[in-house]
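Here's the structure we're looking at; comments come further down.
The values are calculated or read from the model by the stated rules, or taken from the named source; none is laboratory data. Just so you know, these numbers come straight off a predicted model, no measurement behind them. Positions of Cβ are backbone-derived with ideal geometry, glycine not excepted, and every protein chain shown enters the neighbour counts. In case anyone asks, the SASA skips ligands and DNA or RNA and just uses the protein heavy atoms, side chains included. Shrake-Rupley method; radii C 1.70, N 1.55, O 1.52, S 1.80 Å.
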Amino acid sequence: MQTLAYGTLEQSATLSPVRFTREPVRAGEVEIDILFCGVCHSDLHQARDDWGNTVFPCIPGHEIVGTVSRVGEGVSKFAEGETVGVDCMVNSCQTCEACQRGEEQYCSGPKSCTLTYNGPKKPDGTNTYGGYATSIIVREEFVLKIPDAISPAEAAPILCAGVTTYSPMKHWNLKQGQSLGVAGIGGLGHMAVQIGKALGAGVTALTTSPDKAGLARELGADTVIVMTDEGALEDGAQSLDMLIDTIPYAHDISPYLKLMKPGGVIALVGNFIEMPAFVPADLVFHRLTLAGSLIGGIAHTAEVLELCAEHGIRPQIELIDIDGLGKAWARMESEDVRFRHVIDMSSLKSRREELGRDAEEIAPPTRGEVTGRR
């Protein structure tokens, strides 16, 4: 299948059109005509090789919503014409303990999970291409039904920003009536505020931007602490049972430790790079847990889609066309997005002939074998 996409060919390159041929649909797989794709901060990190692990060419995009255009032999959960989604993963071994308990993101198979773009989590020299494209093919187990109550464009960010913040709340058992802090009110944080409220928590938004205080309250935050306000930090000391830290860059964790109740949990979900040194006394004296959490499994992704449908939770999005990607990335880097860009892929399809002529031909992606099916 001939596919047109936008990606980067090397670390220094900007996004440009590329084309490639996907292997046809195999047994157990679903072909999807992409309608919308969210723009995540990790797309920018990966395309620029900020984490030192990027496989080029890099075609980002892992918040994908589209229409089923073809199903392979043996597919029983989906039919042509259905609206479906694909998140950060397209494959895993399906047989290890993590996969069996619905946490495919921690697959312990030979390759770990295969990411929607950039290949397997344990690199093996192969590459996958993501959702800044006209279409994608994914094994059935990694395709998600989109509830009718959620528009396709609004559903896209839930597939990453939604589940990435929902998963630690479920894992560490956020209870109704507990207090939840959300550090960073951006693409992930604005979803965490809404999801925490839906789960019955009292939510405190933590931001370094005073101008986001009103926005956080509109999203449902009960309290807002501006991290430069020493008085507010003192008033908030030992007030939080759980903190979801969505900040995507290195930052001082010390002020956040002081906000935690004894026995509290801080889950880092945004920063993969480094954390400045801190004094661990608060961890020790208050038996705090400083933990990490990676996206979410397919089961949790399906759950959070239903939760958002039931409670009217929606990401705040700005629709853009494919030509607006460069500007969207620049705005994302300067934190000037409220709160998620979503690409309308019809803007790429409408220019298929024009862009296809000049697009560079790249090697086909490898999406992994369809093994371990139950």
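Quick notes on this structure:
- Computed over the alpha carbons of region 270-326, Rg followed by Dmax gives 18.6, 53 Å.
- As a length-normalised measure over Cα pairs under 8 Å and 6 or more apart, the relative contact order of the chain settles at 20 percent.
- Accessible-area value, LYS349, 1.4 Å probe, nucleic acids and ligands omitted, Å²: 50 Å²
- 18 Å Cα-Cα reach of LYS327 towards aspartates and glutamates, excluding residues that sit fewer than 8 places from it in its own chain: ASP43, GLU318, GLU335, ASP336, ASP344
- Shape call, region 84-185: gyration tensor on alpha carbons, a/c limit 1.5: oblate
- PHE56 contributes an accessible area of around 60 Å² to the protein surface, as traced by a 1.4 Å probe with all chains present.
- Per residue, the convex hull spanned by the alpha carbons of region 118-249 comes to 163 Å³.
- Centre separation in Å (Cα based) which lies between region 208-223 and region 8-44: 34 Å
- When the solvent-accessible area of the chain is split by element, carbon and sulfur atoms take up 50 percent of it, the probe being 1.4 Å.
- Taking every alpha-carbon pair in region 10-63 and binning the separations at 10 Å intervals from zero gives 19, 43, 31, 7 percent.
- Here, region 220-374 is characterised by an Rg to Rh ratio of 1.07, where Rg is the alpha-carbon radius of gyration and Rh the Kirkwood radius.
- Accessible surface computed residue by residue for region 241-290, with neighbouring protein chains in place and a 1.4 Å probe, gives 48 Å² per residue.
- Relative frequency of Cα-Cα separations exceeding 33 Å in the chain, percent: 28 percent
- Highest-fluctuation residue, ARG26, ARG139, ARG357 considered, GNM on the chain with Cα pairs under 10 Å: ARG357
- In Hz, Karplus ³J(HN,Hα) per residue of region 116-130 (6.51, -1.76, 1.60; θ = phi - 60°; x = Gly, Pro): 4, 9, 6, x, x, 5, 9, x, 10, x, 9, 9, 10, 10, x
- Loop-located GluC sites (Glu not before Pro) in region 222-289 whose Cβ has at most 16 other Cβ within 10 Å (DSSP): GLU274
- When the Cα convex hull of region 9-155 is projected onto planes of every orientation, the mean area is 9.0 nm².
- The aspartates and glutamates within cross-link reach of LYS197, meaning a Cα-to-Cα straight distance under 16 Å and a gap of 8 or more places when in the same chain, are GLU218, ASP222, ASP241, GLU303, GLU306, GLU310.
- Quotient of Cα Rg and 2.2 N^0.38 Å for region 97-155, N being how many residues it contains: 1.33
- Principal axis box of region 288-374, alpha-carbon based, largest edge first, Å: 53, 41, 31
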